[in-house]
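Report on the structure given below.
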Amino acid sequence: MMPGSAPSPRWAAAAGRWGCRLLPLLWGLLLLSGPSGASEITFELPDNAKQCFYEDITQGTKCTLEFQVITGGHYDVDCRLEDPDGQVLYKEMKKQYDSFTFTASRNGTYKFCFSNEFSTFTHKTVYFDFQVGEDPPLFPSENRVSALTQMESACVSIHEALKSVIDYQTHFRLREAQGRSRAEDLNTRVAYWSVGEALILLVVSIGQVFLLKSFFSDKRTTTTRVGS
Amino acid sequence: MAGVGVKRLQAMVWFALLVLTVCAAGAHGLYFHIGETEKRCFIEEIPDETMVIGNYRTQMWDKQKEVFLPSTPGLGMHVEVKDPDGKVVLSRQYGSEGRFTFTSHTPGDHQICLHSNSTRMALFAGGKLRVHLDIQVGEHANNYPEIAAKDKLTELQLRARQLLDQVEQIQKEQDYQRYREERFRLTSESTNQRVLWWSIAQTVILILTGIWQMRHLKSFFEAKKLV
C-alpha cells in the first residue's frame, strides 16, 4: 500500500471506468442512429406535382411505409416504392391510406414517390411514416450480458404498448384533421352560397317584373301604330 | 497500475472512435432533392409545450462529375418556422449542415420551411441539392444516454423515465385532441346555424318579393287600364 500514489490511480481508474462504460454507449447509439429509426413527415403536394424521398437501406432490414392523405380534393394520392434496381415493390393509384411492410432484399437507395399528377387544381397534404429497422435500443447490445430482469422486461413491454398507443393516436388525429377540414370547407361554402343565392333571388325577381312591364309597353305602341 | 494504464488507453481509443464516428456519421436517413430557389415546407401538427428538433445535411450536385459532393462548405439553408397563427417562431440561416430546435407555445399546425440561399448556387445553373432531413418531435427528441449520464440514472430508472416521457406525450396529445374536437364542434354548430338562418331568410325574401311583384304589376296594369 503506497499512500502517496493512492489518489491518482483512483482518479485514473474512475476515468477509465467512466470511459469504458459511457463512451461505447454514446458510440453505439451514434452508429445505430444511422440506418434505423423512423421518419414521420407531413408535406404539401401541389397539383400536378410529384415528390420523391430516398433512403439508404442495408440488406435484411424490415421496413414499413405508411401514408395518409389529410386534406385536398378526394383525399387520394398515387404512391410508388422502388428498390435500388428500379423494380417496383409497391404501386397504388388514388389511395387514401395504406401501410406496406417489406424486407430489403439488397443494399442500396430505396425510393418512394407520391404523385398528384392526376389532379388539376387541388393540392393535397400527405403524411407518411417510414420505419426502417427497429428503434435504436436504449443501451447498446454489448452491455447486455445477462438476460433482462422481470422489471426490465415489463418496462420493455409497456414501452411497446405505449408506442402503439402513440401510433393509433397519430392516425386518429389525422382522421380528425380530415373531418375537420371537410367541415370547415362546408362552413365557408354555405356562407358564400347563401349570400349568393339571396342576391340572385332579388336580381331575378326584380328583373322579371321589369321584363314583363317591357312586354306590355311594346305591345301598346305597336297596336296604336297599326290603328292609325 | 498497469490495469489503470490499460483502462486509460481504452478510454482514449473509444474517444477517438467516437470523434471519428461523429465526423463520418452523416446518414441522417431520409433525403430528398430540391432545386436552387425551391422552398420545401413540412407541417408538424403538435400540442403545445412540445419540443421539436430538426437535423439536416445538404450535399450539392456536381455537374461535371455527376455525383453528389460529400460536403460543400459555404452552402446555406434558411429555416423558417411559423406557428398556427402565422407568426414566425424561428427564422435563421444555417450552414450546409445544421440543427434547429423550437418549442411550440400554441397547439396546432406548425410549418417548417427550408430553402437554400441561391447566391453561391447561381454559378451552378440547374443545380440541385440533396437534403438529408430528420425531424424529431416530443419524446423522440430526447437523448436518453445523455440524460442517463447527466442525472446518473440506472438502467431501470432510465427505462422508467422513458415511459414517463411517453405517457406525458400521450396526455398532451389527448388534451390537444380535446381542444381540436371543440373547434370541430364549433364549426359544425356554426354551419348548422348558418343553414338555419339562411333558409328562414330565403323564405322571407321569397315571400316579400312575391308580394312586391304582385302589387307592382297590379298597379302597372291598373295604370295601363288592362285590369
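The values are calculated or read from the model by the stated rules, or taken from the named source; none is laboratory data. For clarity, every value in this text was computed on a predicted model and none was experimentally measured. Reconstructed Cβ throughout: ideal geometry from the backbone, glycine too, with neighbour counts over all protein chains shown.
Taking the criterion of being within 10 Å of chain A (Cβ to nearest Cβ) and either polar (S, T, N, Q) or free of Cβ contacts under 8 Å to residues at least 60 places away in the same chain (or both), the residues of region B:170-179 that qualify are B:I170, B:Q174, B:Q177. The numbered conditions (1) more than 23 Å from B:V195 (Cα to Cα); (2) small (G, A, S); (3) at pLDDT 90 or above are all true for A:S217 except (3). Looking across A:L199, A:L212, A:L186, A:L174, one residue alone is in a helix (DSSP H, G or I) and in contact (Cβ under 8 Å) with a residue 60 or more places away in the chain. It is A:L174. Tallying residues that are out of contact with any helix residue (DSSP H, G or I) (no Cβ under 8 Å at 6 or more places or on another chain), more than 27 Å from B:T209 (Cα to Cα) and aromatic (F, W, Y) within region A:156-214 yields 1.
Do we have any residue at all in region A:45-67 that's at pLDDT below 70 and either of a type outside the set (D, E) or under 27 Å from B:I135 (Cβ atoms) (or both)?
Checked region A:45-67: no residue is at pLDDT below 70 and either of a type outside the set (D, E) or under 27 Å from B:I135 (Cβ atoms) (or both).
For (1) in a helix (DSSP H, G or I); (2) at the interface with chain A (Cβ under 7 Å from one of its Cβ atoms); (3) over 30 Å from A:A191 (Cβ atoms), each residue gets a yes or a no:
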| site | (1), (2), (3) |
| --- | --- |
| B:P145 | yes, yes, yes |
| B:A149 | yes, yes, yes |
| B:E168 | yes, no, yes |
| B:Q202 | yes, yes, no |
| B:I211 | yes, no, no |
| B:F220 | yes, yes, yes |
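Under the condition of being surrounded by 13 or more Cβ atoms within 10 Å (Cβ to Cβ) and either modelled with pLDDT of 90 or more or part of a helix (DSSP H, G or I) (or both), the residues counted in region A:133-151 number 1.
Restricting attention to region B:92-108, the residues that are in contact with a Lys or Arg (Cβ under 9 Å, 6 or more places away or on another chain) and not in a loop (DSSP other than H, G, I, E, B) add up to 4. Any idea which residue in region B:107-141 is modelled with the lowest pLDDT, counting only those that are among the small types (G, A, S), surrounded by fewer than 21 Cβ atoms within 10 Å (Cβ to Cβ) and in contact with a Gly (Cβ under 9 Å, 6 or more places away or on another chain)? So the residue we want is B:G126.
Residue check: A:P35 meets all listed conditions (1) part of a loop (DSSP other than H, G, I, E, B); (2) at pLDDT 90 or above; (3) at the interface with chain B (Cβ under 7 Å from one of its Cβ atoms) but one, namely (2). Scan region B:37-48 and tell me whether some residue there is at pLDDT below 85, within 13 Å of B:R130 (Cα to Cα) and part of a strand (DSSP E or B). Looking through region B:37-48, none of the residues is at pLDDT below 85, within 13 Å of B:R130 (Cα to Cα) and part of a strand (DSSP E or B).
Look through region B:186-227, keep the residues that are β-branched (V, I, T) and under 43 Å from the mean Cα position of the chain (by Cα), and return whichever of them is farthest from A:W193 (Cα to Cα). Restricting to residues being β-branched (V, I, T) and under 43 Å from the mean Cα position of the chain (by Cα), the top hit is B:T187.
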